[in-house]
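Here the structure comes first, spelled out in structure tokens, and everything after it is commentary.
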Amino acid sequence: MMSVLFRQFCFTGLALLLSACTIGPEPLPDDPAYAPVIPAITEIPQPNRGGIYRPDFSVALFEDRRANRVGDIISVILSERTQSSKTADTEITKESATSFDAGTVLGVAPSLGDYNLQTEINQDRELIGESSSDQSNSLSGSIAVTVSEILPNGLMVVRGEKWMTFNRGEEFIRIRGLIRPEDVQPDNTILSTRLADARITYSGTGDLADSNKQGWGSRFFNSEYWPF
């Protein structure tokens with residue numbers, strides 16, 4: 001009975017460890033966090049018979065209309081490039097020696113039974129470690145996003161996603177961030193490097209994406225939960 005309970009306990013613990021190493025559910029299109037915001041219907045102001053100015057319908061005479069309201073579209077030019085390199089060398093050496101001479105008592109070396117009390121201890125410890133890391137990433141392209149919110153300080157919150165379906169899966173780009181109206185170009189484009197608090201995701205689903213993933217067994221043995 002105890003052996004059966006022990007096996008069940010082991011299987012349960014292994015299942016919990018494996019579940020901790022699994023990857024979450026795959027992303028799906030039409031995520032509300034990246035959905036476009038449809039602005040409310042703007043009420044048409046009553047005609048102002050005393051002048052030609054009409055609120056919310058003004059047009060600049062010497063520049064193109066830039067996105068500055070909720071629901072406007074802005075094209076984000078992806079120009080991301082990161083590169084990191086790190087090298088570390090560690091070497092630790094320690095040597096120690098201890099000698100205990102019991103001396104003599106009345107000309108006789110003291111002993112304890114068949115053991116002499118004279119003792120010598122020598123210790124040598126050495127640790128050598130080397131590590132190197134080199135990583136480079138780049139992302140280029142463009143994605144159209146919408147203005148989802150205007151903050152009190154004038155910053156605009158933008159978000160959006162682009163899904164591309166292929167014969168063996170899908171690829172998607174998702175982006176969120178804060179932009180300044182001054183950084184928006186006359187053609188309503190902005191560099192991704194101008195986004196504050198940016199969240200940029202580029203990934204995929206399907207057969208091609210699954211082929212680049214480790215199996216659940218490999219993820220377990222390469223995770224922090226494997227003690228060896």
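What follows is calculated from the coordinates using simple rules that are stated; it is not laboratory data. Bear in mind the structure is a predicted one, so any value in this text is a computation, not a measurement. Neighbour counts are summed over all protein chains in view; Cβ atoms, including those assigned to glycine, are modelled from backbone coordinates with ideal geometry.
Some values worked out for this structure:
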item: Cα-Cα pairs of region 87-131 separated by more than 18 Å (percent); result: 55 percent
item: Integer Hz, Karplus 6.51/-1.76/1.60 couplings in order for region 127-143, x for Gly and Pro; result: 9, 10, x, 9, 9, 8, 9, 9, 9, 9, 9, 8, 8, 9, x, 8, 8
item: Low-density loop cleavage sites - chymotrypsin sites (Phe, Trp or Tyr not before Pro) in region 59-157, where at most 10 other Cβ are within 10 Å (DSSP); result: Phe62
item: J(HN,Hα) series, region 112-124, from Karplus relation 6.51 cos²θ - 1.76 cosθ + 1.60, nearest Hz, glycine and proline x; result: 10, x, 8, 10, 7, 7, 6, 9, 9, 10, 10, 10, 10
item: Whole-number percent relative contact order across region 87-131, with pairs defined as alpha carbons under 8 Å at least 6 apart; result: 59 percent
item: HN-Hα J in Hz across region 83-96 - Karplus 6.51, -1.76, 1.60, θ = phi - 60°, x for Gly and Pro; result: 8, 9, 9, 8, 9, 9, 10, 10, 9, 10, 10, 9, 10, 9
item: Long-range HN-HN contacts of Gly206 with modeled amide H, under 5 Å; result: Glu170
